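The values are calculated or read from the model by the stated rules, or taken from the named source; none is laboratory data. Predicted model only: the values in this text are computed from it and were never measured. Cβ placement follows ideal geometry from the backbone for every residue including glycine, while neighbour counts extend to all protein chains displayed. The protein model used for the area step is the full one, side chains on, heavy atoms only, and it has no ligands, DNA or RNA in it. Shrake-Rupley method; radii C 1.70, N 1.55, O 1.52, S 1.80 Å.
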Amino acid sequence: MNPTKTLAILAPALLLGGCISFGAEPPESLLTLTPSASAPAGTGGSSASGTAIALVDFDAPAALDVTRVPVQVTATELAYLKDAVWVEKPARLFRRLVAETIRTQSGRVVIDGDDPGALATNRLTGTLRQFGYDATTSSVVVVFDAVRPGEGQAVETRRFQAVVPGVTPDVQGVGPALNRAANDVAAQVAEWVG
């Protein structure tokens, strides 16, 4: 093939290459939540619809509805921790952690995920209010407001909280501390739904 024709064919591709960006550099690592205890492989269960529990999507305010770790700098100022990125949004990670904790602590059938849990009459939902680092106290804070059906037509709510103090403001300090605090809150929720 003629070198001039080859250059004419490749020139647009070479020019276009300078205009295309595939995003920022990926982070060195991603954060996730791991349960303190997990049900062993092969375990399962069956349950009447009245004792099974379905975990419905957890809500979160806009500051937490991202894959970054929020830092409360002052009462009115928020930033995000450098190089700290969740593998997915914290409310979804936390819901899975709560589901696994309920499953292992109570032995109940837990319906989690995108399955609406149509067969389970018991439901648990809520809002993840805080899930980050507080720079004023050098601690991580997890606050979850849970909602479930009560007796008859009643609705029950309860706020759960865990604080881990003395945390350094970096990924190596905040990531594991948030995992501990999240497991603490998940255990409290599991005890509550029994």
Test: residue in the stretch 49-60 that is in contact with a strand residue (DSSP E or B) (Cβ under 8 Å, 6 or more places away or on another chain) and acidic (Asp, Glu): yes
Restricting the stretch 28-62 to residues that are closer than 12 Å to residue 109 by Cα and not small (Gly, Ala, Ser), the residue that is modelled with the lowest pLDDT: 43
Cross-chain or 6+ apart pairs with Cβ under 6 Å, the stretch 61-75 first and without any contact (Cβ under 8 Å) to a residue 60 or more places away in the chain and assigned to a loop (DSSP other than H, G, I, E, B), then small (Gly, Ala, Ser) and buried (at least 18 other Cβ atoms within 10 Å of the Cβ): none
Restricting the stretch 163-178 to residues that are open to solvent by 30 Å² or more (accessible area, probe 1.4 Å) and in contact with a Ser or Thr (Cβ under 8 Å, 6 or more places away or on another chain), the residue that is nearest to residue 98 (Cα to Cα): 163
Odd one out for residue 156 among (1) of a type in the set (D, E, K, R); (2) surrounded by 15 or more Cβ atoms within 10 Å (Cβ to Cβ); (3) touching a Pro at 6+ places or on another chain (Cβ under 9 Å): (2)
Residue list for the stretch 137-189, filter: in contact with a helix residue (DSSP H, G or I) (Cβ under 7 Å, 6 or more places away or on another chain) and either at pLDDT below 95 or aromatic (Phe, Trp, Tyr) (or both): 144, 148, 160
Any chance residue 76 is over 19 Å from the mean Cα position of the chain (by Cα), farther than 26 Å from residue 176 by Cβ and open to solvent by 10 Å² or more (accessible area, probe 1.4 Å): yes
Tally of residues being over 16 Å from residue 65 (Cβ atoms) and open to solvent by less than 50 Å² (accessible area, probe 1.4 Å) across the stretch 118-137: 6
